[in-house]
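Quick notes on the structure that follows.
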Amino acid sequence: MPLILPRRYQLAVNKRVTSRHEVEAKRSSQEPRGKTILFVDDEPSILTIRRLIFEALGYLVVTAASGEVALDLLNTRVVDAVVLDYLMSPMNGEDLARRIRRKHRKTPIVLSSGCLSLPQSLLDAVDVWVEKGGPPSTLVGALEQIVAFRITRSR
């Protein structure tokens with residue numbers, strides 16, 4: 001499934017990133033490494049895989065196994081983006097996204113979900129949605145775009 005960007009993030013995409021080497025080459029020509037990403041998912045294996053991938057790409061990775069833990073982390077540190085799942089308990093991804101928006105309005109939120117049908121209210125609460133089972137390059141590309149867009153807008 002393709003990357004879906006809401007109208008407020010209609011960014012030019014020159015080409016689809018398909019390999020780690022392309023990601024490395026693309027990153028070396030863009031912003032410096034070291035952006036902090038918070039991943040929120042109640043599946044430990046997803047958090048582990050994402051940590052391995054994104055740390056290998058030079059990101060600083062923070063993980064939370066629940067919405068409450070994520071909110072606590074956001075109160076103690078600054079992150080450049082949040083990637084969250086929808087189906088979590090007791091706080092689902094939509095509730096978490098709305099609570100993040102209230103306190104951290106400018107923090108980009110990426111929804112990564114395997115659900116085939118998502119409520120419009122959830123899609124309205126996040127900046128970007130990517131398929132959870134898709135290739136890592138899709139999530140990497142979405143994060144690069146959204147973080148670059150945030151940096152550009154804040155200048």
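The values are calculated or read from the model by the stated rules, or taken from the named source; none is laboratory data. These numbers were taken from a predicted model, which means no experiment stands behind them. A quick note on method: Cβ atoms are made from the backbone with ideal geometry, for glycine too, and the neighbour counts reach across all protein chains shown.
Rundown of residues vs (1) in contact with a helix residue (DSSP H, G or I) (Cβ under 7 Å, 6 or more places away or on another chain); (2) surrounded by 13 or more Cβ atoms within 10 Å (Cβ to Cβ); (3) at pLDDT below 95; (4) closer than 17 Å to Pro135 by Cβ, yes/no style:
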residue: Leu3; (1), (2), (3), (4): yes, yes, yes, yes
residue: Gln10; (1), (2), (3), (4): no, no, yes, no
residue: Val23; (1), (2), (3), (4): yes, yes, yes, yes
residue: Ser28; (1), (2), (3), (4): no, no, yes, no
residue: Val61; (1), (2), (3), (4): yes, yes, no, no
residue: Ser66; (1), (2), (3), (4): no, yes, no, no
residue: Leu74; (1), (2), (3), (4): yes, yes, no, no
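Can you tell me how many residues in region 123-140 are assigned to a helix (DSSP H, G or I) and either surrounded by 14 or more Cβ atoms within 10 Å (Cβ to Cβ) or in contact with a strand residue (DSSP E or B) (Cβ under 6 Å, 6 or more places away or on another chain) (or both)? Steps first, please.
Going through region 123-140, the residues assigned to a helix (DSSP H, G or I) turn out to be 123-125, 136-140.
Checking the rest, the ones that are also either surrounded by 14 or more Cβ atoms within 10 Å (Cβ to Cβ) or in contact with a strand residue (DSSP E or B) (Cβ under 6 Å, 6 or more places away or on another chain) (or both) come to 123, 125, 136-140.
Final tally of qualifying residues: 7.
So that you can scan it fast, the table gives a plain yes or no per residue for (1) over 16 Å from Ile37 (Cα atoms); (2) surrounded by fewer than 18 Cβ atoms within 10 Å (Cβ to Cβ):
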residue: Tyr86; (1), (2): yes, no
residue: Ser121; (1), (2): yes, yes
residue: Ala142; (1), (2): no, no
residue: Ile146; (1), (2): no, no
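Let's see how each residue does on (1) at pLDDT 95 or above; (2) over 14 Å from Val40 (Cβ atoms); (3) not hydroxyl-bearing (Ser, Thr, Tyr):
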| site | (1), (2), (3) |
| --- | --- |
| Val82 | yes, no, yes |
| Gly93 | no, no, yes |
| Leu111 | no, no, yes |
| Val140 | no, yes, yes |
